[in-house]
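Contents: one structure, followed by commentary.
The values are calculated or read from the model by the stated rules, or taken from the named source; none is laboratory data. Model, not experiment: these values are computed from the prediction. Neighbour counts are summed over all protein chains in view; Cβ atoms, including those assigned to glycine, are modelled from backbone coordinates with ideal geometry.
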């Protein structure tokens, strides 16, 4: 007989989500973005066997920098969010049955097929079920010679979540999308919040991923016209200590008014016409 606890967990988390496997950036300037990632504590650990793609890592976090098909002159963008799931094929079937839009994936010989659905804007949401003893990188990537394949995390940094910019009046639509397909729930005002707590924050059923949905101000002069994944947020057990360690590596932080480094959060400088990172006080579970 299946224990009631396991039944309840399956109902609350039907995909078996277990956090983020990787975040992927698309850019025509991979070396410049790679330099930014190294300032943030990441190290290049793998190179794709057949494409202009690099794998960066620190601690439990993987970042893929993809220059394949990138458009010259466009700023780097978050192109994909890969989620760990219990069974990728079953998760993909469930998501498409619920209305998710399938992404036909073309793979070269000897490459893994990783199922995906469309996310916000031009982004994709990949489903990965190989990350323990055997990972997706064991097939598609060649190790960078002379590097530590498991570089430690700087100051305890770990994934906290992603900020998603959405259109005016679109909050309910996106709450429904993430809730219906993935089981995300809206968090209350007592949640962990960084320096920019506006918008609506959702939490994944495994409590490892937070999504902050932000609509533009109706009368804002710098309001955005497209929906997209805007920036990554890292959890840090001690934000001032993490900011100090990053400053020692050459990272500057916003220091004006409410954006100054505080115990609850910090916001880095902006690189490459739009790349920035947020630190949020959060102890890794």
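Given the condition free of Cβ contacts under 8 Å to residues at least 24 places away in the same chain, in contact with a helix residue (DSSP H, G or I) (Cβ under 9 Å, 6 or more places away or on another chain) and not assigned by TED's automatic domain parsing to the domain that holds residue 99, answer yes or no: does some residue in the range 173-186 qualify?
Looking through the range 173-186, at least one residue is free of Cβ contacts under 8 Å to residues at least 24 places away in the same chain, in contact with a helix residue (DSSP H, G or I) (Cβ under 9 Å, 6 or more places away or on another chain) and not assigned by TED's automatic domain parsing to the domain that holds residue 99.
Quick one: which of 194, 161 is assigned to a strand (DSSP E or B), within 24 Å of residue 279 (Cβ to Cβ) and not assigned by TED's automatic domain parsing to the domain that holds residue 14?
The match here is 161.
It is to be established whether one or more residues within the range 130-148 are in a strand (DSSP E or B), over 30 Å from residue 173 (Cβ atoms) and touching a helix residue (DSSP H, G or I) at 6+ places or on another chain (Cβ under 6 Å).
The answer is no, given that none of the residues of the range 130-148 is in a strand (DSSP E or B), over 30 Å from residue 173 (Cβ atoms) and touching a helix residue (DSSP H, G or I) at 6+ places or on another chain (Cβ under 6 Å).
Does residue 148 fit the bill of being touching a strand residue (DSSP E or B) at 6+ places or on another chain (Cβ under 9 Å) and either more than 21 Å from residue 232 (Cβ to Cβ) or surrounded by fewer than 20 Cβ atoms within 10 Å (Cβ to Cβ) (or both)?
yes
Of all the residues that make up the range 265-285, how many are exposed (fewer than 15 other Cβ atoms within 10 Å of the Cβ) and farther than 18 Å from residue 33 by Cα?
2
From the set of residues in the range 106-121 that are touching a strand residue (DSSP E or B) at 6+ places or on another chain (Cβ under 7 Å) and in a loop (DSSP other than H, G, I, E, B), which is nearest to residue 49 (Cα to Cα)?
Among them, the one singled out is 114.
If residue 56 satisfies every condition in (1) farther than 18 Å from residue 146 by Cα; (2) without any contact (Cβ under 8 Å) to a residue 40 or more places away in the chain; (3) under 16 Å from the mean Cα position of the chain (by Cα) but one, which is the exception?
It is condition (1) that residue 56 fails.
Could you check how many residues of the range 237-260 are in contact with a strand residue (DSSP E or B) (Cβ under 8 Å, 6 or more places away or on another chain) and closer than 15 Å to residue 42 by Cβ?
The number of residues fulfilling the criteria is 3.
Take residues that are modelled with pLDDT of 95 or more, surrounded by 17 or more Cβ atoms within 10 Å (Cβ to Cβ) and on the phi < 0 side of the Ramachandran plot and tell me which of the helices (runs of 4 or more DSSP H) falling wholly in the range 1-105 contain 1 or more.
Output list reads 30-39, 88-97.
Inspect all residues belonging to the range 151-158 and state whether any of them is outside any helix (DSSP H, G or I) and crowded, with 20+ Cβ neighbours inside 10 Å.
Yes, because at least one residue in the range 151-158 is outside any helix (DSSP H, G or I) and crowded, with 20+ Cβ neighbours inside 10 Å.
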